[in-house]
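Undergrad: Input: one structure, supplied below.
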Amino acid sequence: MKRYLSSVITLVLALLLVVGVAVPSAMACVGKTLVVGALDNPQQQVLAQMLSILISERTGTTVKVVASAGHAEAHDALLRADLDMYVEYTGVGQVTLLKDQPIADSVLLYQKVKERYNQELNLIWLKPFGFSDPRVAPAGTVAEAAPVVRKDTLKKFPALARLINKLGGVIDEPTMQKLEAESVAGAPRDVARKFLKERRLI
């Protein structure tokens, strides 16, 4: 009988420990909202929805996607903390926003942009999605798309960078073109969800 009672007490204590750990973890996401900016074009819309769905379904955090009129507007909104993140392009960041010289080498360009954004603006470039968009690339440079996030947002959500970086390198040019075409024909959110499910990210 004593052994039985001991086993029961041990089980109850174990359950209390599990509940005690799980409840604060779940509650940590309640009431918090992340704001993702998106320019008004199929590519930006589907990528913003991809970020939104991935974050909300994997963390329970509420995510709101809002429209931005252009690159400069989205950048300024990010600096003001009206946005937590949006998708930018390396060449645009280097030449258009930082007013710096074009860099043709994609790896060096990403490193330079990432470094300056971090040091001067407290903004973090996460891993590029895996494609470059020549339509938005300033002359002599490339335009790799990547999420740009406020540093203080990453401090509030410590697991966010690792989660978003799961999208790093998974979208090449043909895949992005396919996603854009599908989002024009249907709803960007549905296209984004289908892609994430196919890649087993949600």
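Each value in this text was obtained by applying a stated rule to the coordinates, not by laboratory testing. Everything quoted here is computed from the prediction, not taken from an experiment. Note that each Cβ is placed from the backbone with ideal geometry, even for glycine, and that neighbours are counted across all protein chains shown.
Undergrad: With r defined as the distance between the Cβ atoms of Leu79 and Ala161 and R0 fixed at 22 Å, what FRET efficiency is calculated, to the nearest 0.05?
TA: 0.70
Undergrad: Which residue, chosen from Ser68, Tyr86, Val184, occupies the Cα position most advanced towards the positive end of the dipole of region 48-202, where the dipole is computed from +1 (Lys, Arg) and -1 (Asp, Glu) charges on Cβ about the Cα centre?
TA: Positive-end residue among those listed: Tyr86.
Undergrad: Place a point 7 Å from the Cα of Asn41 along the Cα-to-Cβ direction; which residues of region 133-155 have their backbone N under 15 Å from it?
TA: In region 133-155, the label zone of Asn41 (backbone N under 15 Å from the point 7 Å along Cα→Cβ) covers 133-139, 142-146.
Undergrad: Return the long-range amide H neighbours of Val66 (sequence gap of 5 or more, or a different chain), with a cut-off of under 5 Å between placed amide H atoms.
TA: Amide H neighbours of Val66, under 5 Å, 5+ apart: Val36, Gly37, Ala38.
Undergrad: Could you list the residues of region 143-180 with an amide nitrogen less than 18 Å from a label point located 7 Å from the Cα of Asp105 in the Cα-to-C-beta direction?
TA: Answer for this model: 143-144.
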